[in-house]
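Read the structure below first, then the notes.
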Amino acid sequence: MAAHLSYGRVNLNILREAARKELREFLDKCAGSKAIVWDEYLTGPFGLIAQYSLLKEHEVEKMFTLKSGRLPSADVKNIIFFVRPRLELMDIIAENVFSEDKHHSSRDFHILFVPRRSMLCEQRLKEQGVLGSFINIDEYILDLIPYDGDLLSMEYESAFRECYLENDQTSLYHTAKGLMTLQALYGTIPQIYGKGDCARHVANMMLRMKREFAGTQNQILPVFDTLLLLDRNVDLLTPLATQLTYEGLIDEIYGINNGYVKLPPEKFAQKKQGEASKDLPTEPKKLQLNSAEELYAEIRDKNFNAVGAALSKKAKIISAAFEERHNAKTVGEIKQFVSQLPHMQAARSSLANHTSIAELIKDITTSEAFFDNLTVEQEFMTGVDTDKVNTYIEDCIAQKDPLIKILRLVCMQSVCNNGLKQKVLDYYKREILQTYGYEHILTLNNLEKGGLLKPQTSSRNNYPTIRKTLKLWMEDANEQNPNDISYVYSGYAPLSIRLTQVLARPGWRSIEEVLKMLPGPHFEERQQLPSGLHKKRQQGENRTTLVFFLGGVTYAEIAALRFLSQMEDSGMEYIIATTKLVNGTTWIKSLMDRPESQTP
Amino acid sequence: MAFITANWNPLGEAFYRKTELYEMCWTLRDGLRDSLVAAAPYGGPIALLREPLRRSPSSRPQLEIYSASGVGIASFPWKSGPVVQLGWTVSDELLCIQEDGSVLIYDLFGSFKRHFSMGQEVVQTQVLEAKVFHSPYGTGVAIVTGSSRFTLATNIDDLKLRRLPEVPGLQGKPSCWVVLTQDRQTKVLLSNGLDLYIVDNTSCTAVVPPGLSPQAGSVVHMSVSFSYKYLALFTDSGHLWTGTSNLQEKLSEVDTKKTTTPRQMVWCRRPKSQQPSVVLMWDRLLLVAGVCNDTIQFPLEDPCVLIGELDGVRIISSTNQELLQEVPLVCQDIFKIASMAPGALLLEAHREYEKLSQKADEYLREIKEQSMLGEAVKQCVEAAGHEYDTNTQKSLMRAASFGKCFLTDFSPDQFVSTCRELRVLNSVRESSVGLPLTHAQFKQMTVQVLIDRLVYRQFYPLAIEICRYLKIPDYQGVSRVLKHWASCKVQQKDLSDEAIARAVCVKVGDSPGVSYSDIAARAYECGRTELAIKLLDFEARSGEQVPLLLKMKRSQLALCKAVESGDTDLVYTVVSYLKNEMNRGDFFMTLRNQPVALSLYRQFCKLQEQETLKDLYNQDDDHQELANYYVTASYKEKRLESRLSLLQSAVDEYNKAKNEFAAKATEDEMRLLRFQRKLDDEKGAGLLGLSLQATMEALLALGLHKQAEQLYRDFRVPDKRYWWLKLKSLAEKEEWEELEKFSKSKKSPIGYLAFVEVCMKCNNKYEAKKYVSKVTPEQKVKAHLAVSDLEGAADAAIERRNEAEMGAVLSRCSASDRLVIDRLNRARAGAAKK
């Protein structure tokens, strides 16, 4: 089920297997039949670690969603709660346990905290008087979840908000712990680079934790050569821009959740011959998207404008392969053909799916609205008229376009202008409050706190300098056969990835000035390796860097890193880790505050 | 060397030897007479209590503790009641069983640890006799009371007293008794007159040893072997019966011709021994009796004490200590006179070699001819392990090493490990250390336990050296020793906190597996809080520091450390602790000094305690957040008045925060709310809570143009937005006349293409066309296209000579529009020429 995790440069299946082993061990601790009560948020990430079959093998017979009231009846010996350590969930659990006791007394209760147990939560259970009801209280350390052969995510939704708005560094602690786990499996990472306050904090905790484990030396040959920690607030611009890769657009338009996307069903109706498509499916079509699917792996990171050509090329290859059957004369040849059939059929249905998705997306990308929006984004990124109120934004507000779209654009303008003139900023804010409602004053306040929206303080706008030095805008981006990462945004090269690229060659020393303009410190740390573990590099062997985005990363950025890995002369392969896979919309959403109104 | 067999005594097939272990270091004024003596096996310590039953309060008996070699460890006057029995636990703790049934436990250094009682009734009936025994469960105590009842505790660390059933006809104490451990059950075997009984938990059964001669008489002494496998019974007629302890099998019966009861009787055997034998001791005689009729007799000059070991018997007198054991077979093979065993020949060969004699070669040839060289080496190595004398060890090992030279592919493992182990054994056997362990005992005990015992006796340097020498991983070796050392060091009363902390830090450093917090906890237990805090400072894992700091009520420091660790859960824990411990003012002040903790607490309050959140913002004069707080709160209010008053508070705070924009926006919102309320009351418009835009939209939909207009002016809505709003609203309501009027009211700030498009959206091409002419030149083509007027679009495009626009028009043309297409193509060609 997870073979695609082991194809990459770093076998991430090791991590998955370690996680599965731990899960099995916990389940076996609770002898007898079991029912799992899920914190709903966890089911997605868990699905990537273990399917239902694994749970079933360990006598899990029922699964419920955690909700208040009484637990559904189930004839099982054990009830196990799989929850995040959150106080509000503890209250629900307490309620469950209370209403349970009267009816069944023979069921055993257990709690598995993901990713870490918390004294605060246990205290809460104690106050509620149910702590004693639990036979096992354990933690399931699931910090970094493998999403693909080169991608790890913590799926910690509120990480950016907590770090930058609320000064709550819980997610960073989990990050550091996750990196320690990773190092336990893949060896100590000798070099650590970072940029940003959170990066500094994570590196400090890692070094500290390493000291705590002093003496238990890690004897694994390091798989990663370098770790690069990047704060999301070093590059606030990139997630705001509309992603233009295939996968990025799927995420922008339909949203990818834990590797799955739900699509409108109409285009996927089975068209069988002779049968009129009388009953169209109404349920959204759910598709899993990862590199296990050969075609998807091939096109996911392409600029959408290059996807059509790739699909038609593929179509030709597949139909040519099917045509082969006419050439198969001997029994041996026919047998050979038949043996390839399943693979070919899978390829054909994969092609059909992606052709449908591409059509869906194309309808949107060719619309005038999409074009206008993109034009404005690109104007901002190239620094055109970023200091005035933008007519397009004004019109969009007047048309009452979705608020998040407006916020994305306004924030983008602010970032590209290193803050907006007070007058311009106030104008936008007033427009937003008057049109979408006063309650959004809290959201605006959050955006200002997070630095996405700000009044211009210094007289100089340093964005053009940054843009020029890092070559963030490439006029002649080649979408079909890219030669630079800027293809992922059809011209804009994501700042975060430029920093990564420059770090590999020629090094950050060449861009000291720009680094100073970006928020937070930049640093370099070395971790001593036990003698004998120093890698002897083969000639031409690539180095491996783990890039950790604190606060989220977009699919387009991932595509850009994959592009760098594949570049022949880069000499560097990248593995990507993040607190959460984001896009502009989900990211802004996580920063919004909406007081619930009592008035009708 | 030649005399190595000088102390060998034959008994049946086997030989017994008595080896001197120590000349005792102690000077006992009255020898061992009239003393209660307890010595632990495995070379354990010796406890001595002189005249234990002397009751005069004026002269208290002295309790003395010595190492096995007689080095004094502790000595103190016995102040408690009369002692019946002394004994050692498996973990080297001293048990003193008093007449009243209480058992006092002391450590090796004579400090009192704890006590327990063998039952309340014993206080009255008194303990007549007591025994300390070892079982797989740990150390146990058995007593017989004045009412002739037995009470057992099989494990003193998990005390469960068991009173055994009554023994028929028993008055006072039995003539003799032992504790047996069989089939995981602990039983007592006792003799009363001519009868033998086995008493277990539930019953008392009379038993008869198989094959005991009828004339033997009654049993007056009995002894069970180290492994509880064998039993020896001595009768008043001098018969010694030996057999298995389950009384199923007899081994032998020997008539010792002694009619007095021996003082002590102990089994003397070794694993794999040829024959089991028993050592009996009278006042002036030591006698070894085996399965044959022979006995070995040693005269005794002094009162002695016998200690049964795994592989022999230690004999302690006031002057020296000896080990009596069966000579191991391999030693017999090598040292027996005229032995031709390969090991013996090898030893001889080496001896000749050292004398530079060619005989060495002859011996070697002889062994090699029989292909026994490997065996010979093995024998020498094994024998060396059994020897106590270092010279003998050396000559055997040298012979082995010599023999090894002539062997290819011979595994050196055993040779190397024996060398190492012998060095360790020799060092712990040193009189100053005093652990006279044999190789077999050492193997049984394991090196881990040996290190524990050394640590317990505070031989830290030796323990560390052994760990390093045997290359024991730090975790189980050196670190463990250092941990013990440090825990002991912190109890040293004569040193300052500073000095101790420094000493600990220097020694322990960063040793893996040593937890400074454990050491600190120990210091805290001893009442040295300051020292504990100093030690905690060295702890690398902040998570470990916190619980202890909280326990010591150093909560501020605990908070610091929790914050340092980065573990937010830990911070929460300390914060919630502080919240309960401190008054509110102090609590807030403490948080104020720890921004990380403060923000976490704020998070907590946001979810759980809104009111506290307000207080926190108030305290920090954080007006901005306070204002936000009021805004949030206002939405929870149902009544408009309360909502407005909260918003007013928000306005005040925004003003204090110098956030003019927000203050103004909030005032606007209040104004809007009042307006909405008024209109709702007057017209039932249902506006309350809508945004300004939505309000205007609703007003227009209701046809309340005047009121909408009023809002537009009052709230200074930009023209553009208002025009859009009105345009859409009118079109939707299909008020086309009104729309046209509106379009002419002044120059449209949003242009006229919008009018065209909106009309088209409402499917009114006729109205749409009205506005096409008003559109700016740049938008002309678009406008014409919007109303599907291709010709008009083409005209406009050609007029503007704009190629892109021409293309756009072309793309909309179908085949039937031949004329237009031709015109456009011509125009394009013309444009291209230029």
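The values are calculated or read from the model by the stated rules, or taken from the named source; none is laboratory data. Remember, predicted model here, so these are calculated numbers, not experimental data. All Cβ positions, glycine included, derive from the backbone under ideal geometry; neighbour counts span all protein chains shown. Just so you know, the surface numbers come from the protein's heavy atoms only, side chains and all, with ligands and any DNA or RNA stripped out. Shrake-Rupley method; radii C 1.70, N 1.55, O 1.52, S 1.80 Å.
Accessible area per residue for chain B is 46 Å², calculated with a 1.4 Å probe on protein heavy atoms, without ligands, DNA or RNA. Each residue was assigned an accessible area with a 1.4 Å probe, and for A:ASP426 the value is about 40 Å².
The calculated FRET efficiency for B:SER576 paired with A:SER6, based on their beta-carbon distance and R0 = 56 Å, is about 0.80. Excluding ligands, DNA and RNA and using a 1.4 Å probe, chains A and B jointly bury around 4500 Å² of accessible surface, summed across both partners. Short-range pairs are left out: with C-alpha atoms under 8 Å and at least six residues apart, the relative contact order of chain B is 5 percent.
Computed over protein heavy atoms with a 1.4 Å probe, the carbon and sulfur contribution to the accessible area of the range B:328-407 reaches 49%. Computed from phi, the 3J(HN,Hα) profile of the range A:142-149 under the Karplus parametrisation 6.51, -1.76, 1.60 (θ = phi - 60°) reads 10, 8, 9, 9, x, 9, 7, x Hz, with x in place of Gly and Pro. Annotation: the antiparallel percentage among DSSP beta bridges lying fully within the protein assembly as shown is about 75. Across all directions, the shadow cast by the convex hull of the range B:328-407 built on its C-alpha atoms averages 4.6 square nanometres. Computed with a 1.4 Å probe over protein heavy atoms only, the accessible area of B:HIS705 comes to about 50 Å².
The accessible-area loss of the range B:521-557 on complex formation, taken against its chain alone with a 1.4 Å probe, reaches 50 Å² or more at B:ALA540.
Computed from the C-beta positions of B:GLU362 and B:SER339, the FRET efficiency with R₀ = 25 Å rounds to 0.90. Taking the C-alpha atoms only, the angle from helix B:610-619 to the longest principal axis of chain B is near 80 degrees. Considering the range A:3-142 at the alpha-carbon level, its Rg and Dmax are found to be 15.4, 55 Å. Residue by residue, the range A:297-305 carries 3J(HN,Hα) couplings of 4, 6, 9, 4, 9, 6, 4, 4, 5 Hz when phi is fed to the Karplus relation 6.51 cos²θ - 1.76 cosθ + 1.60 (θ = phi - 60°); x denotes Gly or Pro.
Other residues whose C-beta falls under 12 angstrom from the C-beta of A:ASN478 contribute a net charge of -3, scoring Lys and Arg +1 and Asp and Glu -1. Stokes-Einstein D for the protein assembly as shown at 25 °C, 0.890 mPa s, Kirkwood Rh over Cα pairs, in µm²/s? D = 60 µm²/s. Share of pairwise Cα-Cα distances greater than 14 Å in the range B:632-686 is 57 percent (whole percent). Not counting the cut sites, what is the longest span of chain B without GluC sites (Glu not before Pro) that DSSP labels loop and that have at most 15 other Cβ atoms within 10 Å? No qualifying site falls inside B:431-608, the longest such stretch. Calculated FRET efficiency, B:VAL416 to B:GLU465, Cβ-Cβ distance, R0 = 30 Å: about 0.95 to the nearest 0.05.
For the range B:785-807, there are no residues whose amide N sits under 14 Å from a probe point set 7 Å from the Cα of B:ASN763 along the beta carbon direction. A 1.4 Å probe over all protein chains sorts B:MET760, A:MET154 by accessible area into B:MET760, A:MET154, starting with the largest. Think of the range A:341-417 as having a plus end and a minus end, set by charges on the Cβ of Lys, Arg, Asp and Glu; of A:ILE406, A:ALA352, A:TYR392, A:ALA352 sits farthest toward the positive end of this dipole. Kirkwood analysis of the range B:588-631, using all unique Cα-Cα pairs, places the hydrodynamic radius at 10.4 Å.
Proximity of backbone amide H atoms, modeled 1.01 Å from N, is registered between A:THR188 and A:ILE220 at under 5 Å, excluding neighbours fewer than 5 places apart on the same chain. Axis of helix B:478-489 versus longest Cα principal axis of chain B: the two differ by about 80°, to the nearest ten degrees.
In the range A:369-460, carbon and sulfur make up what percent of the accessible area (probe 1.4 Å)? The computed percentage sits at 54.
Would you be so kind as to identify which of B:PRO262, B:MET222, B:GLN448 lies farthest towards the positive end of the dipole of chain B, taking Lys and Arg as +1 and Asp and Glu as -1 on Cβ and the Cα centre as origin? Checked the options; the winner is B:GLN448. Here each label is just a point 7 Å from Cα along the line to Cβ, and for A:TYR427 and A:LYS210 those points are 5.2 nm apart. Scalar couplings 3J(HN,Hα) for the range B:23-28, obtained by applying the Karplus form with A = 6.51, B = -1.76, C = 1.60 to θ = phi - 60°, are 8, 5, 7, 7, 10, 9 Hz; x denotes Gly and Pro. Taking every Cα-Cα distance in chain A and sorting them into 20 Å bins starting at zero, the pair-distance distribution P(r) comes out as 18, 48, 31, 3, 0 percent.
Principal axis analysis of the Cα atoms in the range A:170-244 yields extents of 47, 25, 17 Å, listed in decreasing size.
Taking only the C-alpha atoms of the range A:392-485, the Rg (one decimal) and the largest Cα-Cα distance, Dmax (whole number), read 15.8, 48 Å. Taking every alpha-carbon pair in chain B and binning the separations at 10 Å intervals from zero gives 2, 9, 12, 13, 11, 9, 7, 5, 5, 5, 6, 7, 5, 2, 0 percent. Label positions at B:PHE112 and B:ASP302, each projected 7 Å from the Cα along the C-beta direction, are separated by 3.3 nm. Charge dipole of the range B:627-686 (Cα centre as origin; +1 on each Lys and Arg Cβ, -1 on each Asp and Glu Cβ, all else neutral): 100 debye, rounded to the nearest 20. Once the partner protein chains are put back, the range A:424-448 shows a loss of at least 50 square angstrom of accessible area, versus the chain by itself, at A:ARG430, A:GLN434, A:TYR438, A:ILE441, A:LEU442, A:ASN445 (probe 1.4 Å, ligands and nucleic acids excluded). Model label points for A:GLN340 and B:LYS551, set 7 angstrom from Cα along the Cα-to-Cβ axis, are 7.1 nm apart. Here the relative contact order of the range A:255-395, from alpha carbon pairs under 8 Å that lie six or more residues apart, stands at 18 percent.
Along the charge dipole of the protein assembly as shown, pointing to its positive end and built from +1/-1 on Cβ of Lys, Arg, Asp and Glu, which listed residue (B:PRO210, B:TRP282, A:SER496) has its Cα farthest out? Toward the positive end, the furthest listed residue is A:SER496. Note on surface exposure: A:PHE370, A:PHE26 rank A:PHE370, A:PHE26 by accessible area, highest first, 1.4 Å probe. Taking all Cα pairs closer than 8 Å and separated by 6 or more residues, the relative contact order of the range B:328-407 comes to 32 percent.
For chain B, the longest principal axis of the alpha carbon atoms and the long axis of helix B:790-800 meet at an angle near 90°.
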